[in-house]
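Encoded as C-alpha cells, the structure appears first; notes follow it.
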Amino acid sequence: MGKRIAGINLAKNGSLAIIDDGELEFYLEEERATRIKRDVGAKTLASKYLDNTIHALTICDCFTRYNKQVHLERVQQKHLVTKIAKEKGISVVDYRDRHHDCHAANAFYHSGFDDAAVIVMDGKGSFHNHDGYSFCETESIYDNLTPVFKHYSTFWSDEDPVRVPYWSEDNFYSDRVSIGQAFRTVSRYCGFDEIEAGKTMGLSAYGNLDTPIDLFNEEYGHSVCSKDIIPNGNTTKYTGTKYLGTNLAYNLQKSAERHVIFMVKKAVQLTGKKNICVSGGFFLNCVANYAIIKEMDINLYTDPIAYDGGLAIGSALLHTYGL
C-alpha cells in the first residue's frame, strides 16, 4: 500500500476523499451520512473513516470572509475535524487559501492528459490580499498546474476603497461579480434558491428574445459581467413585453456561453495547448460545456465533481504530489 492522504472539503457539499498512492480510493459527501442536504464540514465522515493508515489530512474551503457568521461556522468545522485527526495521530495540512488550485488538481490529475491547460470558474474561490486590499479569486487559468492568469474581485463589498478594475502582473482585478455569483443573483430573481443554478440553466430554454442583452462584455482587456444584471426601471424597451425571469435566464445563459468561450480561447492563447480541463461549479453547466465543444477545436475534459465537493480530492492530490 502506498501513501494514503485524506482530504476534506469544509464548504457546502462537505466531503471526504482518500487518495492512495495517487489513486482515488474513496469519496463520500457528508450529507450521505447525516441526511442533511448539502451539509457542510465532514465531522461524521472524519470520525468514521480516518484511521492510523492515513498519513496526512488536507483541508480546503472557499472564501467566507464576506460573511462573519459563515466564516465562524467554517472555522468551527475546521477545528472539529482537526481535533479528530490529531486524536488519531494524523497531521493536518491547510489548503484553505488554495481553492482554485484544488479544483484544478482534481480536473488535471483525472483527465488522462499529460499536458493541458486548466480553467477554473466558480462563485468564490480563496481570499487574496493585494496592495493591502481584500479580493477573492473568481477565475483562473493554469498551464498544467502553474497559474498563468487570475481574475480577482471585490464584488461582495460596497465599501472597499480600492480603485478597480486594473491589471497587475498579468492578473485582472475588478469589482465585477463572478459567473457563479451572476447565476446566483438571477436564480434568486427567478424564485429559486441561490445555489439552484441548474434550474436557471433549464429555465433559459424558455426565453424568447429577438434582441438578447449581453450580460458579459469585453471591457478593460477582459470579458466581465455587467454591473446591472437585474433589470431596473423600464424593462420593456428590449421586448415590448414584461421582462420575465425566463428572458433574464436566457440572456445570462447565452452571455455565459460567450464568456466561457472567451476564457477557453484565452487559455489556448496563454498556454498554446489544445487539451483543456475545466472545473469549478460553473462547469456543471452542461449547455455551456456543449457550446465549447461546438465552437472550439480542442480536447475537453470536464471534472465530474466540478463543484466544491471535489475539493477534498483535489487538496489530497496536491499534497500527494508535493504541490
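The values are calculated or read from the model by the stated rules, or taken from the named source; none is laboratory data. Bear in mind the structure is a predicted one, so any value in this text is a computation, not a measurement. Because the Cβ atoms are built from the backbone with ideal geometry, glycine has one as well, and the counts that use them run over all protein chains shown. Only protein heavy atoms, including side chains, enter the accessible area calculation; ligands, DNA and RNA are left aside. Shrake-Rupley method; radii C 1.70, N 1.55, O 1.52, S 1.80 Å.
Structure values in brief
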item	result
Some residue of the stretch 211-223 being modelled with pLDDT of 95 or more, surrounded by fewer than 21 Cβ atoms within 10 Å (Cβ to Cβ) and among the polar types (S, T, N, Q)	no
Those residues of the stretch 24-48 which are without any contact (Cβ under 8 Å) to a residue 24 or more places away in the chain and under 20 Å from Ser91 (Cα atoms), in sequence order	Glu25, Phe26, Thr44, Lys48
Residue within the stretch 158-167 that is closer than 22 Å to Ile305 by Cα and assigned to a loop (DSSP other than H, G, I, E, B) present	no
Residues that are buried (at least 18 other Cβ atoms within 10 Å of the Cβ) and aromatic (Phe, Trp, Tyr), drawn from the stretch 87-136	Tyr95, Phe108, Tyr109, Phe113, Phe127, Phe135
Test: residue in the stretch 300-311 that is open to solvent by 60 Å² or more (accessible area, probe 1.4 Å) and out of contact with any helix residue (DSSP H, G or I) (no Cβ under 6 Å at 6 or more places or on another chain)	yes
Residues located in the stretch 55-86, provided they are aliphatic (A, V, I, L, M) and open to solvent by 10 Å² or more (accessible area, probe 1.4 Å)	Val70, Leu72, Val75, Leu80, Ile84
Restricting the stretch 86-134 to residues that are free of Cβ contacts under 8 Å to residues at least 40 places away in the same chain and in a helix (DSSP H, G or I), the residue that is farthest from Pro304 (Cα to Cα)	Glu87
Meets criteria (open to solvent by 50 Å² or more (accessible area, probe 1.4 Å), closer than 24 Å to Ile213 by Cα and acidic (Asp, Glu)) for Asp158	no
Those residues of the stretch 269-284 which are on the phi < 0 side of the Ramachandran plot, surrounded by fewer than 24 Cβ atoms within 10 Å (Cβ to Cβ) and out of contact with any Phe, Trp or Tyr (no Cβ under 7 Å at 6 or more places or on another chain), in sequence order	Gln269, Thr271, Lys273, Lys274
Residue match in the stretch 196-205 (condition: of a type in the set (D, E, K, R) and within 30 Å of Asp114 (Cβ to Cβ))	no
Index of the failed condition, Tyr243 passing every other in (1) in contact with a Ser or Thr (Cβ under 9 Å, 6 or more places away or on another chain); (2) at pLDDT 85 or above	(2)
Residue in the stretch 1-24 that is modelled with the lowest pLDDT, counting only those that are open to solvent by less than 10 Å² (accessible area, probe 1.4 Å) and not in a strand (DSSP E or B)	Ala11
Among residues of the stretch 68-85, those that are closer than 16 Å to Ala17 by Cα and either among the aliphatic types (A, V, I, L, M) or assigned to a loop (DSSP other than H, G, I, E, B) (or both), counted	3
Matching option when the condition is modelled with pLDDT under 95, crowded, with 16+ Cβ neighbours inside 10 Å and over 27 Å from Ile276 (Cβ atoms), among Val164, Val186, Val177	Val164
Single residue of Ser157, Ser126, Ser140 found to be among the small types (Gly, Ala, Ser), over 20 Å from Ser315 (Cβ atoms) and out of contact with any Leu (no Cβ under 8 Å at 6 or more places or on another chain)	Ser157
Failed item in (1) modelled with pLDDT under 95; (2) closer than 20 Å to Tyr152 by Cα; (3) assigned to a helix (DSSP H, G or I), with Arg65 passing the rest	(3)
